[in-house]
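Laboratory data are not the source of any read-out in this text; all were calculated from the coordinates shown. Small disclaimer: the values here were computed from a predicted structure and weren't measured. Here the Cβ is made from the backbone with ideal geometry for all residues, glycine too, and neighbour counts use every protein chain on show.
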Amino acid sequence: MPQAVSIVWFRQDLRITDHPALVAASNNGRVLPCFILDDVNPPKQQQHGAASRVWLHHSLTALNQDLDNCLSCYAGDPIRVFAQLAERYDIQHVYWHRCYEPWRIQRDQAVKKFLQDLGIPVTSFNGSLLWEPWTIQKKDGTPYRVFTPFYKKGCLTAEPPRQPIPAPKALHCIKDPEHSQSITSLNLLPAQTWQQSLAEPWQIDEAGAQIRLTQFIQQGLPFYKEGRNVPAKPYISRLSSYLRWGQLSPNQIWYRIQAQGDTPDTQHFCSELGWREFSYHLLFHFPTLPNTNLQAKFNAFPWQQQPTQLRAWQQGRTGIPIVDAGMRELWQTGFMHNRVRMIVGSFLVKNLLLDWRHGEHWFWDCLFDADLANNSASWQWVAGCGADAAPYFRIFNPVTQGQKFDPHGTYTRRYVPELKNVPDKYLFNPWEAPSLLLQEAGVLLGKHYPKPIVDLKTSREAALSAFASLKQGSAS
DNA sequence: TTTTGAGTTGTTCGA
DNA sequence: GTCGAACAACTCAAA
């Protein structure tokens with residue numbers, strides 16, 4: 001007689017607190033928690049990136065410990081995994097939290113149908129969003145395309161988000177000992193040592209997420225609204241990767257922040273959670289968001305093909321110091337400060353005139369917090385082709401941005417140490433410095449640090465005319 | 001249906 | 001140095 005179990009299918013919710021699916025299962029007998037590395041169903045461009053896999057490896061290791069070593073892991077097509085589980089166990093019920101990537105929606109529907117055809121009930125919960133994308137709509141029933149009304153009218157006047165719930169009190173977990181794979185055998189870690197230093201600054205588990213949240217509330221939140229723009233300051237939350245993998249739920253963050261009172265800082269931080277909701281809203285209602293311009297007129301945009309320039313951007317060798325600092329922060333830490341993400345994004349799209357999808361792909365591979373909804377929505381926003389897009393003439397000047405937001409050069413010098421002796425005045429535009437000054441700083445442009453790969457003024461003008469060519473009605 | 005106000009994150013120029 | 005205007009025109013949301 002096969003053993004009766006309820007299954008919790010962990011996906012992007014790698015925690016045990018505020019986990020409705022786990023609670024429901026724990027009220028329904030023995031629980032078999034599982035994770036399935038699905039390299040079969042996602043489109044190639046949406047397979048986990050390298051940094052994501054590193055984060056996932058550590059997350060699974062931690063979750064397994066939090067579940068008393070009862071996490072069963074598998075690789076392959078979930079339908080095949082569930083079919084084999086159903087042969088060995090008397091599955092009472094399968095529980096999971098909904099995912100919103102188009103390919104996952106499709107896959108989960110197929111898995112659900114497969115299980116139900118076997119007579120196994122499936123229950124899914126909202127464990128990853130404050131508001132389900134289909135519950136927020138305009139009065140006419142269509143989805144919002146502009147953030148401010150989406151958030152203020154749509155979200156803030158809707159039912160408040162679910163209150164977070166504690167971990168199950170009594171959890172009787174079992175493991176599928178013979179067929180489960182070890183986490184190591186999922187081969188999530190690349191062979192290079194790159195990933196070791198990458199993961200080192202992060203405590204990649206649920207406890208680490210809670211610690212980070214508490215630290216942020218104490219040290220960052222009181223200065224958030226203004227401080228969030230200064231990459232050298234510790235005023236940002238750095239919670240994005242935990243949120244992306246579900247070591248924290250947005251509900252847990254939302255209510256912890258709300259408990260700090262209603263201030264411009266708390267309001268602003270909550271609206272950033274609102275942006276995450278908006279990205280998911282867009283992805284749900286416009287599933288081609290990851291690869292197609294939301295504004296069709298951008299399909300005619302004259303993007304350049306410049307592999308050398310793309311490579312320089314990726315490697316932090318553009319010769320524009322704050323851009324290089326950002327790209328190196330990304331490579332070295334799996335993270336980039338949001339202000340700098342906008343600067344490097346604007347530079348790629350509006351100075352190099354390279355297709356935003358190049359940037360989207362690189363970020364997808366390098367970011368610990370790589371999230372399909374946020375990444376695609378944000379790149380489309382930067383490029384100006386998204387919903388609620390920046391006006392085309394909003395082109396960041398990376399020199400001005402550096403001087404304004406990294407006034408002492410602390411951030412830029414951290415990641416571009418070859419310029420550490422260049423005085424503030426020329427740190428962000430060393431090509432304009434007197435050669436004697438550079439010599440004294442030990443810098444020879446083109447040798448110790450690249451000359452700029454593009455002229456900021458002329459490339460800005462080129463971008464303006466390229467964007468002007470998209471004007472409605474003009475053929476281009 | 002028409003109208004009205006507004007739209008995350010900027011830069012440059014000239015007074 | 002500071003400040004306001006210009007940088008386009010369009011689409012969205014709601015009255």
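So, counting K/R as plus one and D/E as minus one, what does the shell of residues with Cβ under 14 Å around A:Ile395 add up to? Surrounding charge for A:Ile395 is +2.
Assuming R0 = 22 Å, what is the FRET efficiency of A:Glu132 and A:Ala259, from their Cβ-Cβ distance, to the nearest 0.05? All intermediate terms of the calculation are to be shown ahead of the outcome.
Numbers: r = 24 Å, r/R0 = 1.08.
E between A:Glu132 and A:Ala259, to the nearest 0.05, is 0.40.
A 32 angstrom limit on the alpha carbon distance is what I want to check against. Which of A:Lys297/A:Lys404; A:Lys113/A:Lys175; A:Lys138/A:Lys225; A:Lys138/A:Lys404; A:Lys112/A:Lys169; A:Lys350/A:Lys447 exceed it? All intermediate terms of the calculation are to be shown ahead of the outcome.
Details: A:Lys297/A:Lys404 34 Å; A:Lys113/A:Lys175 25 Å; A:Lys138/A:Lys225 29 Å; A:Lys138/A:Lys404 38 Å; A:Lys112/A:Lys169 28 Å; A:Lys350/A:Lys447 27 Å.
In this structure, A:Lys297/A:Lys404; A:Lys138/A:Lys404 lie more than 32 Å apart at Cα.
The value of relative contact order for the range A:3-128, using C-alpha pairs under 8 Å at least six residues apart, is 38 percent. Relative contact order for the range A:294-387 using alpha-carbon pairs under 8 Å, separation at least 6, rounded to a whole percent? Relative CO of the range A:294-387 lands at 29 percent. Using a ≥ b ≥ c from the Cα gyration tensor of the range A:296-468 (square roots of the eigenvalues), is it rounded, prolate or oblate, where a/c under 1.5 gives rounded and otherwise the larger of a/b and b/c decides, a/b for prolate? Prolate. The modelled label-to-label distance between A:Thr410 and A:Arg88, using points 7 Å beyond Cα along the C-beta direction, is 5.3 nm. Panel order for A:Thr193, A:Thr135, by other beta carbons found within 10 Å of each beta carbon, from fewest to most: A:Thr193, A:Thr135. Kirkwood hydrodynamic radius of chain A, from the reciprocal of the average inverse Cα-Cα distance over all distinct pairs: 24.0 Å.
Lacking any other cysteine beta-carbon closer than 4.7 Å, the following Cys residues of chain A have no compatible partner: A:Cys34, A:Cys73, A:Cys99, A:Cys155, A:Cys270, A:Cys366, A:Cys385. Of all aspartates and glutamates in the structure, the ones whose alpha carbon falls short of 17 Å from that of A:Lys457, not counting any fewer than 8 places away in one chain, are A:Glu432.
Calculated FRET efficiency, A:Lys225 to A:Arg460, Cβ-Cβ distance, R0 = 30 Å: about 0.55 to the nearest 0.05. The distance separating the Cα centre of the range A:32-105 from that of the range A:354-378 comes to 23 Å.
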